[in-house]
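> If you scroll down you'll find the structure; I have some questions about it.
Throughout, read-outs are computed from the coordinates displayed, never taken from laboratory work. Remember, it's a predicted structure, so these values are computed and weren't measured experimentally. Methodologically, a virtual Cβ is constructed for each residue, glycine included, from the backbone with ideal geometry; neighbour enumeration extends over all protein chains shown.
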Amino acid sequence: MILNVNLAVLNLLPIPVLDGGHILFSLVEAVRRRQLRAKTVERIQTAFVILLAGFFLLVTYHDSLRIKRRMDKPAESTEMPVFRPAPEKK
């Protein structure tokens, strides 16, 4: 459920490629009282597709570096940690 809520919130961000961007374009057209030129909308959406894809690639790159560092680091111990109860106060 949390994943679905996060995805819905992300999708409603006012980024022109996402649904929130379509809502933003509709609000701009309502304020201007005329439609935006199709060429303008196309250029804006193309720019944001490139930015969004670049962001995804950047995040994927950093995640893969983090996973690689974790795999290269030797495991400290294969045993489960032992938890002892704290001594009681008198």
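> When the helix-only estimate is applied to the chain (DSSP H runs of n ≥ 4, each -39,500 (n - 2.57), divided by the residue count), what is the mean residue ellipticity at 222 nm, nearest 500 deg cm²/dmol? Intermediate results must be reported in sequence, preceding the final value.
On the way: 3 runs with 59 residues, N = 90.
-22500 deg cm²/dmol, from helical runs alone.
> Residues with beta-carbon under 11 Å from that of His62, excluding His62: net charge, scoring Lys, Arg +1 and Asp, Glu -1?
On the way: positive: Arg66, Lys68, Arg69; negative: Asp63.
With Lys, Arg at +1 and Asp, Glu at -1, the neighbours total +2.
> To the nearest 0.05, what FRET efficiency results for Met1 and Met71 with a Förster distance of 35 Å applied to their C-beta separation? Mind dumping the intermediate values first?
Numbers: r = 32 Å, r/R0 = 0.90.
Working from the Cβ atoms, E equals 0.65.
> Determine which aspartates and glutamates satisfy two conditions relative to Lys73: a Cα distance under 19 Å, and not lying fewer than 8 residues away in the same chain.
Within reach: Asp63.
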